[in-house]
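Input: a single structure, listed below in structure tokens.
The values are calculated or read from the model by the stated rules, or taken from the named source; none is laboratory data. The shown structure was predicted, so the numbers you read here are calculated from the model rather than taken from an experiment. In this analysis, Cβ positions are derived from the backbone assuming ideal geometry, glycine residues included, and neighbour counts consider all displayed protein chains. These accessible areas exclude ligands, DNA and RNA; they are computed on the full protein's heavy atoms, side chains included. Shrake-Rupley method; radii C 1.70, N 1.55, O 1.52, S 1.80 Å.
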Amino acid sequence: MNFFDRTDPQLHPGLDLLTGRTPPTTLAELVAMRRADAARRPALPAGLADQATMADHVAPGGGQGVDVALRSYRPAHATGTLPCLYWIHGGGMVAGTMAGDDLHCLQLALSTGLAVVSVEYRLAPEHPFPAAVDDAYQGLLWTVDNAGLLGVDPARLAIGGASAGGGIAAGLALRARDQDGPALRFQYLAYPMLDDRDQTPSNREFPAIPSWNRKRNTQAWSWLLGPAHGTDQVSEYAAPARAGNLSGLPPALIQVGELDLFRDEDIEYAARLLQAGVPTALQVYPGFYHGADALVPEADVSVRLLRDRDEALVRALA
């Protein structure tokens, strides 16, 4: 059975959008793709500003550091201090923006009642590892230090992201543990990008699908890691699947599709979290490919994935 036939029929329109898009192989092509993605970004729905608010912030780099842009979202009529989800956008470590996730973060704040803080991190290949992780960690520290300004409870803080953002979130959870950083209540990892070695069965199973495939994945990791890609020199903060010790991490929810390149690395990471004593839920969605919830949010399986996410976040931060 081919990939299309295995896909949930309600998700076929997303495949139609993806088919024929050629992945970038040079920096110039990548920059052009980023510009095209930004131009296609739809306007926020009218009236959404009445339901939720956005505010921009900067986490100063200080000295020779780099300033990091952040954006906070919260239900417009919420009062008092709210639990917070620190959100990291996807894009294969080489694309995506904070603004590109505005609608996602606003809807997430409304569906959960949480405050959401999103971070703009530097992208590869212009800024290889550790730039993205450093930026995201700097933004996380700023969020905790400025909890009063944001109206959030630092004792009820979760971290999360999708795809590359999920991988960065997992890396930040490791770094926060190792460096006595912020106490994280929960980590939400949506089909996270965790392993640069490209050796899992699902990685080999989906070499050329319209969604995120092996060719795109290998190129993205190469841009992020440079000559270290695939060697034993790769940091676990860049590729969390390489971490030898997963104990002491916050409870996790990992969601991934049956037809996702990242399926098996995510399943293995969830199993290793459980073996390390970390409370972990793993949800694998049949007929679901990488990023399908963003492409076809009205599909029943997308609705179910997002509902499961919301219930887990609310329960973890109650």
request  = Within region 290-317, work out how many residues are farther than 23 Å from N217 by Cβ, open to solvent by less than 30 Å² (accessible area, probe 1.4 Å) and among the aliphatic types (A, V, I, L, M).
outcome  = 5
task = Take region 56-66 and flag every residue that is open to solvent by less than 70 Å² (accessible area, probe 1.4 Å) and assigned to a loop (DSSP other than H, G, I, E, B).
result = G61, G62, G65, V66
message = Go through (1) of a type outside the set (A, V, I, L, M, F, W, C); (2) over 28 Å from R309 (Cα atoms); (3) open to solvent by 40 Å² or more (accessible area, probe 1.4 Å) for S235 and report which single condition fails.
response = (3)
message = Within region 20-45, take every residue that is open to solvent by 50 Å² or more (accessible area, probe 1.4 Å) and within 25 Å of L259 (Cβ to Cβ) and give me the one that is modelled with the highest pLDDT.
response = M33
query = Can you name the condition, by its number, that A69 falls short on among (1) within 27 Å of R156 (Cβ to Cβ); (2) open to solvent by less than 20 Å² (accessible area, probe 1.4 Å); (3) not hydroxyl-bearing (S, T, Y)?
reply = (2)
query = Does G151 count as modelled with pLDDT under 95 and touching a strand residue (DSSP E or B) at 6+ places or on another chain (Cβ under 9 Å)?
reply = no
message = Being polar (S, T, N, Q) and open to solvent by less than 30 Å² (accessible area, probe 1.4 Å) is the filter here; which residues of region 115-166 pass it?
response = S118, T143, S163
ask   = L48 versus (1) open to solvent by less than 50 Å² (accessible area, probe 1.4 Å); (2) under 19 Å from G90 (Cα atoms); (3) free of Cβ contacts under 8 Å to residues at least 60 places away in the same chain: which is the lone unmet condition?
value = (2)
query = Mind checking which residues of region 180-202 are at positive phi, out of contact with any Lys or Arg (no Cβ under 7 Å at 6 or more places or on another chain) and open to solvent by less than 20 Å² (accessible area, probe 1.4 Å)?
reply = Y191
message = Whether any residue in region 180-202 is hydroxyl-bearing (S, T, Y), touching a residue at least 12 places away in the same chain (Cβ under 8 Å) and more than 24 Å from A292 (Cβ to Cβ) is what I want to check.
response = no
query = In region 203-228, which residue that is in contact with a Lys or Arg (Cβ under 9 Å, 6 or more places away or on another chain) and open to solvent by 10 Å² or more (accessible area, probe 1.4 Å) is modelled with the lowest pLDDT?
reply = A208
query = Among all residue pairs at least 6 apart or on different chains, which show Cβ distances below 6 Å where the first residue, located in region 77-106, is closer than 22 Å to L313 by Cα and the second is part of a helix (DSSP H, G or I) and of a type in the set (S, T, Y)?
reply = Y86/T143
ask   = Considering only region 244-254, how many residues are touching a helix residue (DSSP H, G or I) at 6+ places or on another chain (Cβ under 6 Å) and either free of Cβ contacts under 8 Å to residues at least 12 places away in the same chain or open to solvent by less than 10 Å² (accessible area, probe 1.4 Å) (or both)?
value = 4
message = Being surrounded by 11 or more Cβ atoms within 10 Å (Cβ to Cβ), among the β-branched types (V, I, T) and more than 30 Å from Y289 (Cβ to Cβ) is the requirement here; does T53 meet it?
response = yes
query = Only one of L17, L11 is open to solvent by 40 Å² or more (accessible area, probe 1.4 Å), closer than 26 Å to Y285 by Cβ and outside any loop (DSSP other than H, G, I, E, B); which?
reply = L17
All strands (runs of 3 or more DSSP E) inside region 70-179 with 3 or more residues being over 22 Å from A294 (Cβ atoms) and touching a Cys at 6+ places or on another chain (Cβ under 8 Å) = 152-162
